[in-house]
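For reference, the structure discussed in these notes is given below.
The values are calculated or read from the model by the stated rules, or taken from the named source; none is laboratory data. Only a predicted model underlies this, so the values are computations on that prediction, with no experimental measurement involved. FYI the Cβ positions are ideal-geometry reconstructions off the backbone, even for glycines, and counts take in every protein chain you see.
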Amino acid sequence: MTRNSIGTDYLQTLAQADVGCNFRIQALNGPGCDKLRSMGFCEEMEIRKLADGRNLICSLCGARLALSSRLADQVLVSPVEA
Amino acid sequence: MGERLDTIMLVGNPNVGKSTLFNALTGGSAKVGNFPGITVDLKEGFTRTPHGRRIRIIDLPGCFSLDGGSPDQQIARRALDGEVLALGKPDLALCVLDASSLERHLPLAMEVLERGIPAIVVLNLVDRAQKSGIRLDPAKLSEELGVPVVATRADKGLGILELRQAIRHPLPHSSDCSWAAQGGASGGRQKFAMEICRTTARRPEAHSLTMSDRIDSVLLHPVFGWIAFLGIMLFVFWSIFSFSSVPMGWVESAQGWLAATVEAAMPAGDLRDLLVGGIIEGVGAVVIFLPQILMLFFMIGLFESSGYMARAAFLMDGFMARAGLSGKAFLPLLSSYACAIPGVMATRTIDSAKERLITIFVAPWMSCSARLPVYLLLVPMLLGGVEGAWTQSVVFFAIYALGTISAFVVARVLRGRLGPDEIDQPFALELPPYQFPQWGYIFRHLIERGGSFLKKAGTLILGLMILLWAARTYPKSDSNDPAEQMRHSLVGRVSQAIEPIVSPLGFDGRTGTAILTSFAAREVFVGSMAQLFEVDDTGDETLLRTSLREVMARQTWPDGRLLFTPLSVVSLLIFYIYALQCLPTSAVVLRESGSWKWAAGQLVFMSLFAALMSLIVYRVGLWLGF
């Protein structure tokens, strides 16, 4: 967890985040952490949420990934300034 | 002593083009798709360096890391660590990366380099990276990683020459892994990958919607996506039966010509009867379905190659969750419609061990292509004997749906009994960009599947047909009456013996014998029925099937009741939907599950369930007055 310098007001899970917005990954926290890392999720990466639902779709480093909302709940993100 | 053979292993994330690169290097025909997990086993091929030295290339299954416990990850890890005895330790690893998503794919390459294996990093799919506006710097990347880096576009053969130059002797050294000092855990690797990608694979700042995103906005839409999915599935089933009619006509003509030629060239007798009535008619009754089987494989190849398969898995995840499965079970189950063997093997991409076992268990209930000949014979008997009517497609759809729904119900029950996974495995899947199918590879795969089917027809089915002909011809009776000869023959005696067992299901002894012969391979049923009901070979397969149906429709029980009523035909169809009549499938289940109990339990359960359902349908139908 690297949340020291981040205001918790700005943190939300990827599952809660709005569709169509860009976010920065601030922390990965939960039992699916290793799986997320092996798929390329990492702190400081920029991510865009493309679709919501039981499984959401996001764009990460040019790749489109479908994630269950349970996994997305373990990705903490903060908005990226436009 | 011969020259020592160097071994090169291709390693990388799923769907980065390893199999395409393998084919480009070896001239081989490894199956290529646009769906994660196409390679689920080790593939071996050979090539030569520019100096003519022969080297062995091994294509490993795609994996995100070498730490995971899924079977494909374990295979890759064991192969790289030299634990696969037949291969030994690799002399060189080709770390294949998707150049358009380096940040995500570099950590696996770094993990390989940390094992001290000499390596070359292959930046594949450079065209995709260029389209995304990424500025690649392979020279700088090579400097950072301490190994050679080659940019390729394997599907077009670009960069292959440079790669061949790079793998010549002396092979590159292993990397000093400068990042390892910063902490070798996956987080440390990922951070280092991010750092070096800032200079070696710079991305444009603004996110832009791609063509795939626009297509996905329709195909993954909660409403339109499902309409498209159902439409595509209906089109697949319709096309299998309609587009195949022309090539089936060619097979019919060839068979008719062959039968007529043999009849004209040989005097009447047992040998001619064996060749025409036993072999040409029996084997031909199976070979005629080759075009439909190929069409099914073609459609599945199209899905995999275009990128739609991953979307279908995404859509189906919610639906399959009701059966205790995930969207990842969709590919194995869909593949099982063509053949349960590749379907069972494709379950290796499923992370959850329990879900994998359940998928293996229910996969044979997806009606495979070997059942098609049986359905094509029986379904028109419910529709006034007419083949090709639209109602036939509807009945076929219902048959496939019944097998599928039953599989889901059993999966749900099994999931409840096996309990949840020890480690939670939530759904996660990469959606590859849509692309035009790679026709060359699809057709190569079709040729391979067609060859395998014909080999089976020329060996197992041919052998069974000869045995069946002998059993119905001998011992000879003194009578010239064909019915008396049949009763006197071995088949007649077996039929009489098993009739009390199968008659409660609505079948007579001959039908029971045909079912028995089809336990080795179910497509044998049509040929067996043609022999057992002594249908004259007209040389035309459609006419043969029509004649067989007409003969079957005239058959009666000793008390004068019709033998094949709509109810008994439905009972027979039900039996074939559920019975596991395929010994090679049981062998693969044994290998994949590693459990005799699982493989034997599946065979016994499915056979008993088929007989029980058939019995219930027939008895309840009679009780209701059908």
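Points worth noting:
- Among the candidates B:V218, B:V150, the residue that is among the β-branched types (V, I, T) and surrounded by 15 or more Cβ atoms within 10 Å (Cβ to Cβ) is uniquely B:V150.
- Which listed residue is part of a loop (DSSP other than H, G, I, E, B) and within 17 Å of the chain's Cα centre (by Cα), from B:S305, B:S336, B:S367: B:S367
- Screening region B:370-415 for residues that are at pLDDT 90 or above, surrounded by fewer than 14 Cβ atoms within 10 Å (Cβ to Cβ) and among the small types (G, A, S) and picking the one that is farthest from B:I358 (Cα to Cα) gives B:A398.
- Residues located in region B:602-620, provided they are in contact (Cβ under 8 Å) with a residue 12 or more places away in the chain and either within 17 Å of B:A407 (Cβ to Cβ) or not hydrophobic (A, V, I, L, M, F, W, C) (or both): B:Q602, B:L603, B:M606, B:S607, B:F609, B:A610, B:M613, B:S614, B:Y618, B:R619
- B:M194 vs. criteria in a helix (DSSP H, G or I), among the aliphatic types (A, V, I, L, M) and within 14 Å of chain A (Cβ to nearest Cβ): yes
- Single residue of B:R522, B:R545 found to be buried (at least 21 other Cβ atoms within 10 Å of the Cβ), in contact with a Cys (Cβ under 7 Å, 6 or more places away or on another chain) and basic (K, R): B:R522
- Any hit, region A:63-75, residues being without any contact (Cβ under 8 Å) to a residue 24 or more places away in the chain, within 7 Å of chain B (Cβ to nearest Cβ) and touching a Leu at 6+ places or on another chain (Cβ under 6 Å): yes
- Residues of region B:572-595 satisfying the condition of being hydrophobic (A, V, I, L, M, F, W, C) and either touching a Ser or Thr at 6+ places or on another chain (Cβ under 8 Å) or in a helix (DSSP H, G or I) (or both): B:L572, B:L573, B:I574, B:F575, B:I577, B:A579, B:L580, B:L583, B:A587, B:V588, B:V589, B:L590
- Note on region B:575-625: residues that are on the phi > 0 side of the Ramachandran plot and either among the aromatic types (F, W, Y) or surrounded by 22 or more Cβ atoms within 10 Å (Cβ to Cβ) (or both) total 0.
- Among the residues of region B:348-367, the ones that are modelled with pLDDT under 85, over 17 Å from B:A321 (Cβ atoms) and buried (at least 23 other Cβ atoms within 10 Å of the Cβ) come to 1 in all.
- Qualifying residue in region B:596-610 (condition: under 30 Å from B:G277 (Cβ atoms), in a helix (DSSP H, G or I) and at pLDDT below 90): no
- Region B:415-432, residues that are assigned to a strand (DSSP E or B) and of a type in the set (K, R): none
- Residue within region A:34-48 that is modelled with pLDDT of 90 or more and either assigned to a strand (DSSP E or B) or facing chain B (nearest Cβ under 8 Å) (or both) present: yes
- Residue list for region B:84-135, restricted to those being within 32 Å of the chain's Cα centre (by Cα), away from every other protein chain (no Cβ under 11 Å), at pLDDT 90 or above and not in a helix (DSSP H, G or I): B:P90, B:L92, B:A93, B:L94, B:C95, B:V96, B:L97, B:V121, B:V122, B:L123, B:N124
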